[in-house]
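Please read the structure below before turning to the comments.
The values are calculated or read from the model by the stated rules, or taken from the named source; none is laboratory data. Nothing here was measured: the structure is a model prediction, and the numbers come from that model. We place every Cβ from the backbone using ideal geometry, glycine too, and count neighbours over all the protein chains shown. Surface areas here come from the heavy atoms of the whole protein model, side chains and all, with no ligands, DNA or RNA. Shrake-Rupley method; radii C 1.70, N 1.55, O 1.52, S 1.80 Å.
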Amino acid sequence: MKTVVPLSDLTRNDLATAGGKAANLGELVRAGFPVPNGFVVTTDAYATVIQPLDLNIPERIGAGEGASVRADIETAAMPAELRTEIANAYAALGTVPVAVRSSATAEDLPGAAFAGQQDSYLNVVGEAALIDAVRRCWASLWTDRAIAYRSRIKIDPADVRIAVVVQRMTNAEVAGVMFTADPVSGDRETVAVDASSGLGEAVVSGLVTPDHYVLDGDGRIRDYRPGGREMIVSSVPGGGVIHQAGQPDQAERLPDDVLGDLARLGIEVTKLFGRPQDIEWAYAEGQLWLLQARPMTALPPPPLELNAAQRRLGSVLLDYVPVRPYPIDMSTWVPYGPAGLMASVVGRFGFRDAFEGFLPEDEYGVVDRFVPLAPRPTVGVLLAPWRIATLASRYDPRHWRDDPRFATFLDRVNNLEAQDLRAMPWPQLKTMPRQSLDLIKPIGDLRIDYLPRTGLAIARLFLALRLLGRSALFGDLIVSPTRTTDANRALEALAARAREDPRLLDAVNELVPQALNDFEEFQQEFNAYLTQYGHRETVTPVLVTPPTQGEAPETVLALIKMLAAEPPRPPEDPDRAISELLKHPLLRGPHRRARIERWVQAARAGITFREDSHFYFLKPLPILRKSLLEMGRRLRDVGLLDMSETVFHLRLSELEAVNDPANLTESEKDQLRAAVRTRSARREELSGVRLIDPAAVFPRREDGDALITGTPASSGSATGPVKVIREPAEFGRLAAGDVLVCPYTNPAWTTLFQRAAAVVVDSGGPASHAAIVAREYGIPAVMGTGTGTSTLSNGQLVTVDGSTGRVTSAVSVSVGDPN
């Protein structure tokens, strides 16, 4: 057991005893970087002193006794042997002033930077002061902020130990922090440097506005912003530091050669560790020193430059990925669900790479970015015209429900849905996810077969309208009844019942299904709705982890609450657009009129098929989700997971490898726990990071006085106050006449269109579900704005022009609505 180790003896293999900070410093020293000499007091030393005291730390922390725990540690007696080892290591440094910093063992977790969570002590002078600083570093492991931080990233207190780094003190003239990638844009070709006079404590603690340099890889300045020098932290003779007010006019830019050397060091450190780094540095007496290096956390993916094909595909896919997928998504519904289906569709007609690999996973097994790809043709594309023509001649979307494959699919779904998951033995239960996924292929093949005639019918009508100069009517002409329409009408009927009964309306407004217990007839109708439509998604059809409507009935109640606020607006007359079209002088003859009407009906049948086959395609989704959650429940019951939903951090193959949850070996348990712990921490790290910058998919176009612009998706113009709705839980906030502004949509969201004055969406395009339903209700819609939810604010009065894709201010100032 080693209690004191020189930094030069440490590597990344010493994380458990030295902690992340010290292990990284050891790697830097061994690689020849300018690091102040020092040593580490290991976690074994911490255990040697603390464990014999039997402090019952977790129990006392849970009881709110953190202050007394820290006091016990700060006053703990050290074994004489340990004090001697520390004193000898200190003497080897020359008994000079030192910096004493904590180094937690959990710093090896992704995203666990622990920045500022434990205490550091600068300019410590003398053996007694050093021993005291070491104990205070140990005690800082149990401060309220450190405990809260570990709780947030789900680190078990029993898994945490602390080491202490002791280094020669560097009395910096200038110091600060360097990021070897742009922390905002994610650009890996940029080095960002923050600097200020005195010790770096002023910068890392946020006491000053630092000088900010943006450098390229060669250290050349791209941008410079002088800081404020509000505070200067300096060493005091005899020990400790002093905080003194600074003056902005004391600012002096770092020399170009120093910046160049700093950037070079940063890039070399990045190469050493294999990822962008967050580096604390100091400059003293003409020498640069590296004081600490750790991986940058919450770093956005690198900026993308997309071509036109990638942007078009990205505008479609981004609407389906509003949240970060879990590993269980990536190993089940993503490759088999709608995205997998589209990969099969384009593959059947000679293209590949359009829907594969657009959600890459990092080394931890977590999706870290969204990368729309461009379809790549194969030799199969030469046969595509023949395949399309053959399928179009055989499969008419008007009759797709008569296809015997559809009836077989429904029978298989019903049979699997009737299985009692709770009563299943584990070997049978773990086959259920695959059985659910196996249901997809028949309905997927059916969709592939009927899509060619659908596409041809829609394309034929579109081209005819262009030739006639009536393209503006296209969106209104293809409006057709769908299962989404049926669901919205069913919700409207429930809302009408609630509107007529104040007591029932009050119960609905509670958004709790149990509140309906006193209204048996309404409750039966509500449950009937969930039975018929509850398999639909609440967030996205591409992922299995978000709940379905049946699992989140409060979402459905929020829709009913919104609809019950006032009587519905009648939908647009679907025959109005046909009547308008038939006024064209070239369509006066009966044969031409009949032909164009047939073409309209064929296109409408295609739209109905697309929407309704999607509706049924999702039938296996709740079966898959429930089977995964049941597996999670059983793993929770044996103490492997903290909750059923934690199973989402595992991959399907990892679950299938479990033969019996009750008889797992300790090694198997540790392996699964480590996977969950690492992926959970990485996901938490990325919680505030976008999968992609929306501007890469939806480039901002300058358009006069427009607040935002996007793709015209449903014609017309409307003015109203903005209401930003970011998730289904907020559905009930929309009021009649609001301009609905949202990050994405799916069929579940379209019920809101019955009350919205207009729709503005960050993602999507004119062929999306939202655009189709917006046209059905005759409200303006602008899709693919990229930044609508971040640019517009609640209560802001705007005018939405769905014909031009522009959103403009309706008044010179916003009106207030903080909600």
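Tabulated results
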{"item": "Share of Cα-Cα pairs in segment 552-665 lying beyond 24 Å, as whole percent", "result": "62"}
{"item": "Electrostatic dipole magnitude of the chain [Cβ: Lys, Arg +1; Asp, Glu -1; Cα centre; debye, to 20]", "result": "3440"}
{"item": "Partners for K430 among lysines (Cα-Cα distance below 22 Å; same-chain residues under 8 apart left out)", "result": "K441, K619, K626, K669"}
{"item": "Inter-probe distance in nm under a simple model that places probes 7 Å from Cα toward Cβ, at R422 and R405", "result": "3.7"}
{"item": "The chain - mean residue ellipticity at 222 nm from DSSP helices (-39,500 (n - 2.57) per run, n ≥ 4, rounded to 500)", "result": "-12500 deg cm²/dmol"}
{"item": "Charge dipole magnitude, Cβ of K and R +1, D and E -1 - segment 36-186, Cα centre, debye nearest 20", "result": "200"}
{"item": "Qualifying GluC sites (Glu not before Pro) in segment 225-284, DSSP loop, other Cβ atoms within 10 Å at most 16", "result": "E230, E252"}
{"item": "Cβ crowding within 10 Å averaged over residues, with 774-780, 283-289 ranked highest first", "result": "774-780, 283-289"}
{"item": "P(r) tail fraction, segment 674-765 - alpha-carbon pairs more than 18 Å apart, %", "result": "58"}
{"item": "Near-label residues of segment 362-402 by backbone N, under 19 Å of a point 7 Å along Cα→Cβ of A309", "result": "371-385"}
{"item": "Spin-label model distance (nm) - E521 vs L53, 7 Å beyond Cα toward Cβ", "result": "7.0"}
{"item": "Long-range tail of P(r) for segment 1-74 (Cα pairs > 20 Å, %)", "result": "45"}
{"item": "Accessible area of the chain belonging to carbon and sulfur atoms, whole % at 1.4 Å probe", "result": "51"}
{"item": "Average silhouette area of segment 263-372, convex hull of alpha-carbon atoms, in square nanometres", "result": "9.4"}
{"item": "Mean Cα-pair separation over length for the chain, i.e. relative contact order, pairs under 8 Å, 6 or more apart, %", "result": "11"}
{"item": "Anchor K271: lysines whose Cα lies under 25 Å away (excluding residues fewer than 8 positions away in-chain)", "result": "K21"}
{"item": "Listed peptides 518-526, 376-384 by packing density, highest first (mean Cβ within 10 Å)", "result": "518-526, 376-384"}
{"item": "Rounded to the nearest 20 debye, dipole of segment 260-352 from Cβ charges on Lys, Arg, Asp, Glu", "result": "580"}
{"item": "In degrees, nearest ten, helix 308-317 long axis to first principal axis of the chain (Cα)", "result": "90"}
{"item": "Per residue accessible area of segment 530-601, 1.4 Å probe, in Å²", "result": "47"}
{"item": "Cα point-scatterer Debye curve for segment 308-431, base-10 log of I(q)/I(0) at q = 0.11, 0.13, 0.16, 0.17 Å⁻¹", "result": "-0.60, -0.80, -1.05, -1.09"}
{"item": "For segment 427-539, with +1 on Lys and Arg beta carbons and -1 on Asp and Glu, the positive-most of L451, Q532, S480 along the dipole", "result": "L451"}
{"item": "For segment 653-717 versus segment 196-268, the gap between their alpha-carbon centres in whole angstrom", "result": "36"}
{"item": "Value of Rg/Rh across segment 562-626 [Cα atoms, Kirkwood radius]", "result": "1.22"}
{"item": "For peptides 70-81, 159-170, sequence by mean Cβ density within 10 Å, most packed first", "result": "159-170, 70-81"}
{"item": "Qualifying aspartates and glutamates (Cα of each under 13 Å from Cα of K723; at least 8 residues distant if same chain)", "result": "D738, D817"}
{"item": "Convex hull of the chain built on C-alpha atoms - directionally averaged projected area, nm²", "result": "41.5"}
{"item": "Contact order normalised by residue count of segment 1-133, Cα under 8 Å, 6+ apart, percent", "result": "27"}
{"item": "Radius 10 Å from Cβ of G198, net charge of other residues (Lys, Arg +1; Asp, Glu -1)", "result": "-1"}
{"item": "Largest-first principal axis extents of the Cα set of segment 115-220 (Å)", "result": "44, 38, 22"}
{"item": "For segment 402-454, diffusion coefficient by Stokes-Einstein and Kirkwood Rh (Cα), 4 °C, 1.567 mPa s, µm²/s", "result": "103"}
{"item": "Spacing of the two label points (7 Å from each Cα toward its C-beta) at R460 and R595, in nm", "result": "1.1"}
